[in-house]
Amino acid sequence: MRCYLHAFLLCVVFTFLTFLYVFSQLASTLEDREQRRVRDDAIPDSSHHFSRKTPGLSGLRDREGGPDRCKSLSVSYWKPYYWRLPADVCGVNCLLESSLSERTASVVKGHERSHLAVVACGPRLEETLTMLKSALLFSKKPLHFYVFAEDELHDSFRSALEVWLKTFRLKFTFAIYPITFPKENAVEWKRLFKPCASQRLFLPLILKEVDSLLYVDTDIIFLQPVEDIWALLFQFNSSHLAAMAPEHEEPRIGWYNRFARHPYHGNTGINSGVMLMNLTRFREKFFKNDMAAVPLKWEEILMPLLQKYKLNITWGDQDLLNIIFHHNPESLYVFSCQWNYRPDHCIYGSNCQQAEQEGVFILHGNRGVYHNDKQPAFRAVYEAIKEFPFGENMETSLLHPLEASLQTTTHTYCGRAGHLFTKRLKQSIKSVQQQDKLP
C-alpha cells in the first residue's frame, strides 16, 4: 500500500513541475513576440521619416524635443542650480542626460553676452564712460550696455559709444534709456539719496525681456573681465535672485550694525554698488515683508516700503534693498569684498582678506574719491583708465604709469595696498594680450 502512495505522490510532483515548465515557455514566447512587435514598429517604412532611438548620447540628442521624449516623470535632480528635471526629461538615464546638459551649458556659457547696466544723472558722464571703458578693455567676451541717463546726456553718451564701436564693433552693443519712475511719487523716487540712483530698483519692471544683468554704480572700475563676475550667476541656487557684497568686513567700523534705524541683511548689511541680478526671478518671487500679512510681488513692495521707512533710511535705495533681503535672506548670494572693493577696505588698515590673497577684482570709488585728494590711490587707478588711449599697449601705456602713480601714494593706508590694485590688473592685461595674438 505504501508503494502505491509513494508512486502517486511522485506523479503529482512531476505533473506540477511539468505545468511550471510549460507556463514558463509560454510566457517566454509571448515576451519574444512583444519585443519583435516593438522592433517592427521602430523600423521606418517608405511613408514615415524617423529613425530608431539609439542608446547613449547620440540617442539622447535625437530624442530631445521629439514626440517620444518621456514627459511623465519628475524626479529630484542633483545639480546645484536645478531642483527638478525639466518636465520633458526622462527620469531614466538621469546621469547621462546631465552629462549632455553640462556640455550644452558649457557651449552657452562660452558664447554668452554679459549684460551691464548703469544709471547716470547729473555730472556723471565722464565717470560712467570711464567705467564702461574699463569693462571693454579687459573683457574677452561680448558685452551689452544698458545706459539709463537723463535726456540731456543721451547725445553725449551716444556720440562717445559710437566712436568706440569703430574699434570694438564686435565686442559690444548698447542701448540708451530715459530715466523712468512710476508716475505716482516719481519726484520722491528720483531724489532718493543720489539723483536717479533708485532707478536700479525698477530695472526688473522696465527690462521685461531681459533675464539677467549686472548693475554697477558709475564709480566702478573693472580690473578683470566682466564675464568673471557674470559667471557667478551659475553659482546661484534655486532661491538666489541677486548677488552683492557685504557693506563691511569688520563690524567695529560697520555702519548698519552701529547706526541703522531699520532692518538690514546679515551682520553688517550689503552694498548695492555692484549687484548681479536675475531679473526673471525678481519678477516672479513673492517677497516676505513686515508690512503685509502676505508676501508681495516686486512691483507691490517698493512703494509701501518707501512710505514706511523713508524717515529712517540714510542711503536710499540701498537701505531698501537691505530691508528686503533682511526678510528674504535665502534669495541673496553674498560674494566677497574683492568684487566691490571700497576705501573702507583699506582706509583703516587692510580688512579685505580675499583681496589680500587674490587682488582687487572691482574697484568702487564711492564718496567721490576719484575726484578729490582724500584717497589718491583710488584716483590714480581712475585717471590711468580714463587717460589710456584705445589701441595702445596696455602694459606700457596703462600698467607702468599706474604703478608709478601708486608709488606716490604710499603715505596713505590705501596707497600701501596699491599692489592689490595692480595684482589682478596684470593678469587681465596678460590675458588680453594673449588673446590678441591668436589668429
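Looking at N271, is it buried (at least 18 other Cβ atoms within 10 Å of the Cβ), among the polar types (S, T, N, Q) and under 13 Å from the mean Cα position of the chain (by Cα)? Write out each step before concluding.
On the way: buried (at least 18 other Cβ atoms within 10 Å of the Cβ): yes; among the polar types (S, T, N, Q): yes; under 13 Å from the mean Cα position of the chain (by Cα): no.
No, not satisfied.
Give the residue that is nearest to P142 (Cα to Cα), with candidates limited to residues of segment 226-265 that are among the β-branched types (V, I, T) and at pLDDT 95 or above. Walk me through how you get there before you give the answer.
Filtering segment 226-265 for residues among the β-branched types (V, I, T) gives 226, 229, 253.
Checking which are at pLDDT 95 or above leaves us with 226, 229.
Details: V226: 10, I229: 14 Å.
Applying the filter and picking the extreme gives V226.
List every residue pair whose Cβ atoms sit under 8 Å apart, with the two residues 6 or more apart in sequence or on different chains, where the first one lies in segment 139-168 and is over 26 Å from M394 (Cβ atoms) and the second, anywhere, is basic (K, R) and exposed (fewer than 15 other Cβ atoms within 10 Å of the Cβ).
From segment 139-168, no pairs qualify.
Criterion first (surrounded by fewer than 19 Cβ atoms within 10 Å (Cβ to Cβ), in a helix (DSSP H, G or I), in contact with a helix residue (DSSP H, G or I) (Cβ under 8 Å, 6 or more places away or on another chain) and in contact (Cβ under 8 Å) with a residue 24 or more places away in the chain) does S405 satisfy it? Explain how you work it out, then say what you get.
Details: surrounded by fewer than 19 Cβ atoms within 10 Å (Cβ to Cβ): yes; in a helix (DSSP H, G or I): yes; in contact with a helix residue (DSSP H, G or I) (Cβ under 8 Å, 6 or more places away or on another chain): yes; in contact (Cβ under 8 Å) with a residue 24 or more places away in the chain: yes.
Yes; evaluated as a whole, the condition is true for this residue.
Can you name the number of the only condition in (1) outside any helix (DSSP H, G or I); (2) under 20 Å from G273 (Cα atoms) that I385 fails?
(1)
Pull up segment 170-196, narrow it to residues that are under 17 Å from D151 (Cα atoms) and under 21 Å from the mean Cα position of the chain (by Cα), then point me to the one that is surrounded by the fewest Cβ atoms within 10 Å (Cβ to Cβ).
Among residues in segment 170-196 that are under 17 Å from D151 (Cα atoms) and under 21 Å from the mean Cα position of the chain (by Cα), the one surrounded by the fewest Cβ atoms within 10 Å (Cβ to Cβ) is A175.
Do we find a residue being closer than 27 Å to I206 by Cα, in contact (Cβ under 8 Å) with a residue 12 or more places away in the chain and in contact with a strand residue (DSSP E or B) (Cβ under 6 Å, 6 or more places away or on another chain) anywhere in segment 256-271?
Yes, segment 256-271 has at least one match.
Is it the case that some residue within segment 232-243 is farther than 22 Å from I324 by Cβ and under 19 Å from the mean Cα position of the chain (by Cα)?
Let us first name the residues in segment 232-243 that are farther than 22 Å from I324 by Cβ, namely 234.
Checking which are under 19 Å from the mean Cα position of the chain (by Cα) leaves us with 234.
The answer is yes, given that some residue of segment 232-243 is farther than 22 Å from I324 by Cβ and under 19 Å from the mean Cα position of the chain (by Cα).
I'm checking my understanding of the structure. Among residues of segment 158-169 that are charged (D, E, K, R) and surrounded by fewer than 14 Cβ atoms within 10 Å (Cβ to Cβ), which one is modelled with the highest pLDDT? Can you show your working first?
To start, the set of residues in segment 158-169 that are charged (D, E, K, R) comprises 158, 162, 166, 169.
Imposing the further condition that a residue be surrounded by fewer than 14 Cβ atoms within 10 Å (Cβ to Cβ) reduces the set to 162, 166, 169.
Details: E162: 97, K166: 91, R169: 82.
Filtering first and then ranking leaves E162.
If we keep just the residues of segment 255-280 that are in contact with a helix residue (DSSP H, G or I) (Cβ under 7 Å, 6 or more places away or on another chain) and in a loop (DSSP other than H, G, I, E, B), which is farthest from V226 (Cα to Cα)?
In this case the residue turns out to be H262.
Go through segment 215-254 residue by residue and tally those that are surrounded by fewer than 21 Cβ atoms within 10 Å (Cβ to Cβ) and either part of a helix (DSSP H, G or I) or without any contact (Cβ under 8 Å) to a residue 24 or more places away in the chain (or both).
Of the residues in segment 215-254, 10 are surrounded by fewer than 21 Cβ atoms within 10 Å (Cβ to Cβ) and either part of a helix (DSSP H, G or I) or without any contact (Cβ under 8 Å) to a residue 24 or more places away in the chain (or both).
The values are calculated or read from the model by the stated rules, or taken from the named source; none is laboratory data. Computed from a predicted structure; not experimentally measured. Counting neighbours? That spans all protein chains shown, and the Cβs are built from the backbone with ideal geometry, glycine included.
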